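The values are calculated or read from the model by the stated rules, or taken from the named source; none is laboratory data. As the structure is a prediction and not an experimental result, all values here were calculated from the model. Methodologically, a virtual Cβ is constructed for each residue, glycine included, from the backbone with ideal geometry; neighbour enumeration extends over all protein chains shown.
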Amino acid sequence: MRQATIERETGETRILITLNLDGTGKSQIHTGIGFLDHMLTLFCKHGFLDLTVDAEGDLAVDCHHTVEDIGICLGMAFREALGDKAGIRRYGSAILPMDETLMVAAVDFSGRAYLGMEVTFTVPRLGTVDTEMFREFFYALAVHAGMNLHFRQLSGSNNHHIAEAMFKGLGQAVDQALRVDPRIEGVRSTKGVL
């Protein structure tokens, strides 16, 4: 089973995450940040990932620590659940339309971390999450999963749609990248390791 449980407790947050890469899109997300719960639920549905998140953070300060630490834990869960990455396709991408928004999402589970994010938000907040925190979330996810992660916004003016297209597109890209392909012996790299 390609799954992992990650628990992280700091002076600012307490997070418990369970991830199953071979799921059906079921999720139980409780972060204390309604908009983030919604986005992670969409990510799971479109990525066929089963995910539970139970998070408590210092939301009386702001959402920064909670959002970033969830990204850290989710990245760690991906890395642990993937193990040696034998047989995975490694790459995945999606061009996702969301009404007036068109978003590109692409991933490479290479073992090397990188975030490229050409996305423009025009409001400071969606629900109770600061829009600048999406970069922090995706950066933490990419670093701790060991993946290249790119977003490019081709069009879009509604900030909710922009965020939603990012999370749905990422789900679809991850679903492609993590599929096991019987043609791949070991890992999909001439180096022999990922």
Checklist entry - Can you name every residue in segment 165-194 that is buried (at least 22 other Cβ atoms within 10 Å of the Cβ) and more than 12 Å from TYR91 (Cα to Cα)? => result ALA165, MET166, PHE167, LYS168, GLY169, GLY171
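Among the candidates GLY75, GLY83, which residue alone is surrounded by 23 or more Cβ atoms within 10 Å (Cβ to Cβ), closer than 21 Å to VAL187 by Cβ, in contact (Cβ under 8 Å) with a residue 24 or more places away in the chain and not aliphatic (A, V, I, L, M)?
Details: GLY83 fails: surrounded by 23 or more Cβ atoms within 10 Å (Cβ to Cβ).
Just one listed residue meets the conditions, GLY75.
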Next on the checklist: Go through segment 91-131 and report how many residues are touching a strand residue (DSSP E or B) at 6+ places or on another chain (Cβ under 9 Å) and not in a strand (DSSP E or B).
Outcome noted: 9
Next on the checklist: Here's a check for you: in segment 12-27, which residue that is farther than 14 Å from LEU42 by Cβ and among the polar types (S, T, N, Q) is farthest from the chain's Cα centre (by Cα)?
Outcome noted: THR13
Next on the checklist: Taking the conditions exactly as written (surrounded by 16 or more Cβ atoms within 10 Å (Cβ to Cβ), among the aliphatic types (A, V, I, L, M) and within 24 Å of ILE33 (Cα to Cα)), does MET147 satisfy them or not?
Outcome noted: no
Checklist outcome for this item: Checked segment 107-133 for anything under 20 Å from GLY171 (Cβ atoms) and either at pLDDT below 95 or charged (D, E, K, R) (or both); matches are ASP108, GLU118
Checklist entry - Just checking, how many residues over segment 30-55 are in contact with a Ser or Thr (Cβ under 7 Å, 6 or more places away or on another chain) and farther than 17 Å from LEU141 by Cα? => result 5
Checklist entry - What residue, of GLY116, GLY57, is surrounded by fewer than 16 Cβ atoms within 10 Å (Cβ to Cβ) and in contact with a Lys or Arg (Cβ under 9 Å, 6 or more places away or on another chain)? => result GLY116
Next on the checklist: So the check is Cβ under 9 Å with 6+ separation or different chains; which pairs have a first residue in segment 116-140 that's among the polar types (S, T, N, Q) and a second one that's in a strand (DSSP E or B)?
Outcome noted: THR120/GLN153; THR131/ARG125
